[in-house]
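Shown next, in structure tokens, is the structure this report addresses.
Where a number appears in this text, it was derived from the coordinates with a stated rule and is not lab data. All values derive from a computational prediction rather than experimental measurement. Cβ placement follows ideal geometry from the backbone for every residue including glycine, while neighbour counts extend to all protein chains displayed.
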Amino acid sequence: MENAKNRSGGIVEQHLVGAMLEFLFKGTQIPNYPAHAADRQTAREGDFTVSRTVYHVTATPTRNVVQKCSLNIRAGMHPLLLVPQEQVYRARSLVEYEGADDLVSVFSIEDFVALNIIELAAAEGKDFFILMKEIVQTYNRRLEEVETDLSLRIELR
């Protein structure tokens, strides 16, 4: 994410979370849309919905995404807002301003991915770095399926 920070526009973030969700919820279809397909245009509650949890992934949190989280709450869903580490404070402030700070979970994308890789590696008895490589491969596949800018592929050394 650090390497793509000024040129991703949220693409890396969304596909990385999508890849992570594929690993977390094996057997569940995790949709793969272009990163800039608006939720309203595709009739989605957020970027990803698994059971009653709606994942909102954004590089730059705005009041608009927090209002979508409020709509999720009213619909009986649990919104989870994932943002880059340096945007967590802003996202939490926006959620608090909306009066939803007790109902919206806000996490950094970096923490979300890292913690889930650690837990999955332990649960599956896999090496952390091997699992991380598999998730990066899944990220690259998801990116190639729906995006035109393939310069955002992650190359592992």
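In what sequence do L24, L82, L131, L16 fall when counting other Cβ within 10 Å, fewest first? Spell out each step's value before the answer.
Numbers: L24 14, L82 29, L131 18, L16 26.
The order, fewest Cβ neighbours first, is L24, L131, L16, L82.
Filter the GluC sites (Glu not before Pro) in region 108-157 down to the DSSP loop ones having no more than 16 other Cβ atoms within 10 Å, then list what survives.
Details: sites: E110, E119, E124, E134, E144, E145, E147, E155; in loops: E147, E155.
Passing sites in region 108-157 are E155.
Compute the helix-to-body angle for 128-146: its Cα long axis versus the longest principal axis of the chain, expressed 0 to 90° and rounded to tens.
Relative to the chain, helix 128-146 is tipped by roughly 70 degrees.
Using alpha carbons only, how many degrees (0 to 90, rounded to 10) separate the axis of helix 63-74 from the longest principal axis of the chain?
Helix 63-74 sits roughly 80 degrees off the main axis of the chain.
Treating region 111-157 as a set of equal point scatterers at the Cα positions, no solvent, please give the Debye-formula log₁₀ I(q)/I(0) at q = 0.23, 0.25, 0.26, 0.28 Å⁻¹.
One equal scatterer on each Cα of region 111-157 leads to -0.82, -0.89, -0.92, -0.98.
Over region 11-152, calculate the relative contact order: mean separation of alpha carbon pairs under 8 Å at least 6 apart, over the residue count, as a percent.
Worked out over region 11-152, it gives 26 percent.
Picking from I11, L71, I154, whose Cα lies most toward the positive end of the charge dipole for the chain (charges on Cβ: Lys, Arg +1; Asp, Glu -1)?
Farthest towards the positive pole: L71.
For region 86-150 and region 13-34, what is the separation of their C-alpha centers, rounded to whole Å?
Using only Cα atoms to place each centre, the spacing works out to 10 Å.
Classify the chain as rounded, prolate or oblate, taking a ≥ b ≥ c as the square roots of the eigenvalues of its Cα gyration tensor: rounded when a/c is under 1.5, otherwise prolate if a/b is larger than b/c and oblate if not.
Prolate.
Check cross-link reach from K68 to the aspartates and glutamates: straight Cα distance under 20 Å, and skip same-chain residues fewer than eight apart.
E13, D39, E45, D47, E96, E98, D101, D102
List the aspartates and glutamates whose Cα lies under 16 Å from the Cα of K126, skipping any in the same chain that are fewer than 8 positions away.
E134
Given the rule -39500 (n - 2.57) for each run of at least 4 DSSP H residues, summed and divided by the residues of the chain, what is its mean residue ellipticity at 222 nm, to the nearest 500 deg cm²/dmol?
-15000 deg cm²/dmol
Using Cα atoms only, what is the angle between the long axis of helix 11-24 and the major principal axis of the chain, expressed in degrees (0 to 90) to the nearest 10?
Helix 11-24 and the main axis of the chain meet at about 80 degrees.
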